[in-house]
Amino acid sequence: MQTIRLFLASLLLCLSLLGAAWLQSRQPRPVSLLPTLTGQVEYCLTCHADLPEISPSHPVETFGCVLCHGGERLALDADLAHSTMRGGRNPSEFAVVEASCGSGDCHSGTAQDQRDHIQRAVTSVQGTYAGAIASIRFTYGAQSDQTARLGVYPVQDDHLTTATGLASLGTFDPSQESSPSVKAFADYCLDCHLSAEPLPGAQYARLTGCAACHTPTANTDLDQPVHHLTTAIPYTQCNTCHNRGNYDLRQMQFHPRTDQPVDRLHDYYQPIAQFVRCEWTLDCVDCHTRFEAMGDGDIHSNKKEIQYIQCRTCHGTLDELPLTRTIAGQDDLALRMAFLNPVIDLKVGDTVLVTEQGEPLWNTRQLADGAFELFGKATGQRFTFRPVMGTACEQKLDQQESRDCHECHSVKR
Amino acid sequence: MKANPTRPSFFHHLHPPTIPAPQARFRYTLGAGGLSVYLVLLLVITGILEMFFYVPSPGEAAESVQTLAFLVPYGWLVRNLHYWAAQLLVVVAIIHLLRVVFTGAYAPPRRFNYLLGLALLLLSLLLDFTGYVLRWDEGVQWALVAGTNLVKSIPILGEGLYRLVVGGTQPGPAALIRFYAWHIFGLTLALVGVGAWHLFRVRRDGGIAVPPPEARRDASRISRFELVRREALAAILATAVLIVVASILPAPIAPPIREGSPLAAEARPPWFFLWVQQLLKWGDPFIFGVLIPVMVIVLLAGIPYWLPNPRPDELGRWFPAGNRAASLLLVILVIILLLLTILALSPLSTFP
């Protein structure tokens, strides 16, 4: 009797051991990765081996996953592994960006080392939404002028470089506002700054933080993860916030556009706006520079203070050629930008257009005959154009803004 | 192991040649004492295996636990077995205590061995707590801070004791290495030493508590071979159950405590200290967190000395009449501790 009991118990023990062995055999085979930048082994690829590399400038062998995303590098349990990820799926959210994109001084620093991407983006008008807030508060009498005082989060800048730069912004707190319209603005209109969750709908689909622009997700399902960072940002991504409809300031409502554009020309939406051909054949980022889109490091009151590209930046005027610069060395910013998005085979010795603030338009190049070529950053398409000087243009010397050019060159829809 | 009555093996020799059959029954002993010994053995073996991977430094402790749990083949099994065997040891040791009090087996000459047993229970709890802290992850942070702060609350001695236990003014690298040393060496050595003493005293005090020969209704005895077979059966079954439990229910694990990691929102000590946590919600940490638990221990230790003991002819069975007071006291104590534990778990109960 005892022997049978012992035998049965031993059988049970063997079965439990077999069960444990079966469980062990079902464990995923750990796939290790030793990124050169961290020197710490991580096992994320055990489950995420099929994820595409985020960009050629962030090779996974160099960066790994944890440097940007955080998380538990050794855990093979999904819940534990993901529990400490920065910003959930998006480590570029401004709340955590300094620890992810900014770590190792990669994208965080000063204007001198040209690594102040985070400082610029966080203080930019697109980040703080200071322009819209100041404009609405001014309109409804909550402030006496249009100078920004508040942003969606507080920022300060100890080093002003422009005449319109502000030292700091406080937090826009709707509960402190007395005007019902300003309160309504806070309730219905804070959907388009870089930290805001987008409105529902594929046409608004974008992430937040840096990824709002650098991870193109327009017209996709946001529930599908996207592992992509790029400086080739198509106009459709800008359109997730811009060019989406109109605002009714009396009702404090956003009226989405109702048309169904079938081509690129009609995707440009401002019912009364005039524009020229290059404004819809090119992508927004082909003309608008890093300072304009990401900020110049100063806190500004509105878009007008930061936007400075005009037609003449590329085309010049009747008596002036556009500004240019010849690339002198390998360290030139233009070469570095072209390296990130190789739509153009820029070389030392090439002459590129530069803006009046000295920003290189790195996707352009002067040709031997004095004309210029431009490559679309998102499309790779090649365009050529001539300076205005020496043409039959009737442009007046004191009317150089784009609206003046629109007088003759606007496209009919 | 060949059952040869003329040449008992080493394992057979650890047992008396025969013991009374009625008191060797499972329904009398519940197998709790023997199972405790086996669980300690299992804990020592799995603990030694864990030591090959565990790194007792704040920066690496939790990650080395993750390595063991996820990357080392069968590491998860070793860790989960260690965890569940430790939980089971506390349960089984308490069952052993209940059995001894409810059968009056603590009566002289076994009074001193009862105290040794109580010391073993305390050592098990301390081992459990120190082992829990060794995870050094967000899940243990609260218990670590609250537990060590209790030491600080003791008047006069508190500050000095805290420095002795924690090795500084707040839990850090020194605290971890101290908990580690206590866990794998100091407390384990004490447990094994006092445990051996406890087993020795069982034999010296005349083996399992039985009535005097003239009062026994059933005089039959079983041999040490039968006893070892029963123990082996219990050990094999316990191992099988533990392996199944360890395979299905992983031991708790959480992200490492890092610079600036916030204190977990849900503050839970290990389950056997939940009643203390509940007491702490009611007032002064010294009175409710130190004095009352110490009084509970003193009360338990005083049972053989302050309360009427059962008569010798009442021994060897459950709930003898001469042992009413002790049984009643323990029942009340158990109910109070259970109620406090349930209160601590209920969502209504929060810190003021």
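The numbers here are math on the coordinates, done by the rules we state, and not lab data. Quick caveat, the model's predicted, so the values are computed rather than measured. All Cβ positions, glycine included, derive from the backbone under ideal geometry; neighbour counts span all protein chains shown.
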Using the Karplus curve 6.51 cos²θ - 1.76 cosθ + 1.60 with θ = phi - 60°, work out ³J(HN,Hα) for each residue of region A:68-82 in order, rounded to whole Hz, and write x for Gly and Pro. 8, 8, x, x, 8, 5, 9, 6, 9, 9, 4, 4, 5, 4, 8
Any idea how far the Cα center of region B:9-31 sits from the one of region A:262-319, in Å? 92 Å
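Report the relative contact order of region B:27-120, percent, no decimals, based on alpha-carbon pairs under 8 angstrom and at least 6 residues apart. Numbers along the way, then the final one.
Working: 57 pairs, mean separation 33.3, N = 94.
Computed value for region B:27-120: 35 percent relative contact order.
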If you count, for every residue in B:70-78, the Cβ atoms of partner chains within 10 Å of its Cβ, what is the mean? 5
Ordering of A:298-310, A:34-46 by packing [mean C-beta count within 10 Å, highest first]: A:298-310, A:34-46
Span-like helix ranges in chain B, DSSP H, alpha carbon extent 18 angstrom or more, Kyte mean at least -1.0: B:32-51, B:75-102, B:111-134, B:187-204, B:224-248, B:292-306, B:324-345
Checking A:178, A:402, A:168 against a Gaussian network model of chain A (alpha-carbon springs below 10 Å), the top fluctuating residue turns out to be A:178
Can you list the residues, at least 5 places off or on another chain, whose amide H is less than 5 Å from the amide H of residue A:361, using H built in the peptide plane? A:353, A:354, A:355
Averaging sequence separations of C-alpha pairs under 8 Å and six or more residues apart, then dividing by the length of chain B, give the relative contact order as a whole percent. 29 percent
Return the whole-Å distance between the Cα centroid of region A:135-175 and the Cα centroid of region A:1-42. 61 Å
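Give the residue list of GluC sites (Glu not before Pro) in region B:36-86 that are DSSP loop and have at most 16 other beta-carbon atoms within 10 angstrom. The partial results should precede the final answer.
Details: sites: B:50, B:60, B:63; in loops: B:60.
Counting only loop positions with at most 16 other Cβ atoms within 10 Å, the GluC sites (Glu not before Pro) in region B:36-86 are B:60.
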Sequence order, region A:224-240: Karplus ³J(HN,Hα) from phi using 6.51 cos²θ - 1.76 cosθ + 1.60, θ = phi - 60°, Hz rounded, Gly and Pro as x, gives 7, x, 10, 10, 7, 10, 7, 9, 8, 9, x, 4, 4, 5, 4, 5, 5
Reduced to Cα centres, the span from region A:339-385 to region B:156-203 in Å works out to 72 Å
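How about region B:1-71: which trypsin sites (Lys or Arg not before Pro) there lie in a loop by DSSP and see at most 11 other Cβ atoms within 10 Å? Display every interim value, and only then the final one.
Numbers: sites: B:2, B:25, B:27; in loops: B:2, B:25.
For trypsin sites (Lys or Arg not before Pro) across region B:1-71 that sit outside H, G, I, E and B with at most 11 neighbouring Cβ atoms in 10 Å, the list reads B:2.
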Quick query: amide H of residue A:247 versus all other amide H atoms, modeled in the peptide plane; which residues come in under 5 Å with a sequence gap of 5 or more or a different chain? A:255
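Taking only C-alpha pairs under 8 Å that are 6+ residues apart, what is the relative contact order of chain A in percent?
Numbers: 661 pairs, mean separation 48.9, N = 413.
So the answer I get is 12 percent.
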Expected integer from the mean partner chain Cβ neighbour count at 10 Å over B:240-252 is 3
Taking a ≥ b ≥ c as the square roots of the Cα gyration tensor eigenvalues, with a/c under 1.5 meaning rounded and otherwise prolate when a/b beats b/c or oblate if not, region B:240-352 comes out oblate
Quick one: the Cα spread of region A:284-413 along its three principal axes, in angstroms, biggest first? 42, 40, 30
Tilt relative to chain A, helix A:130-139 - C-alpha long axis, 0 to 90 degrees, to 10: 60 degrees
Could you give the angle, 0 to 90 degrees to the nearest 10, between helix A:2-26's Cα long axis and the longest principal axis of the Cα atoms of chain A? 20 degrees
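Restricting to DSSP H runs of at least four residues, report the calculated mean residue ellipticity at 222 nm for the protein assembly as shown, -39500 (n - 2.57) per run over all residues, nearest 500 deg cm²/dmol.
Values: 33 runs with 326 residues, N = 765.
It lands at -12500 deg cm²/dmol.
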Over all pairs of different Cα atoms in the protein assembly as shown, the reciprocal of the mean inverse distance gives a Kirkwood radius in Å of 32.8 Å
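So for region A:1-130, what percent of the C-alpha to C-alpha distances run longer than 25 Å? Mind showing how you got there, number by number?
Details: 3863 of 8385 pairs.
Roughly 46 percent, once rounded to a whole number.
In peptide A:72-82, what is the residue-averaged number of other protein chain Cβ atoms found within 10 Å of each Cβ?
Details: counts 9, 2, 11, 8, 5, 6, 0, 1, 8, 3, 0.
Per-residue shielding by partner chains comes out at 5.
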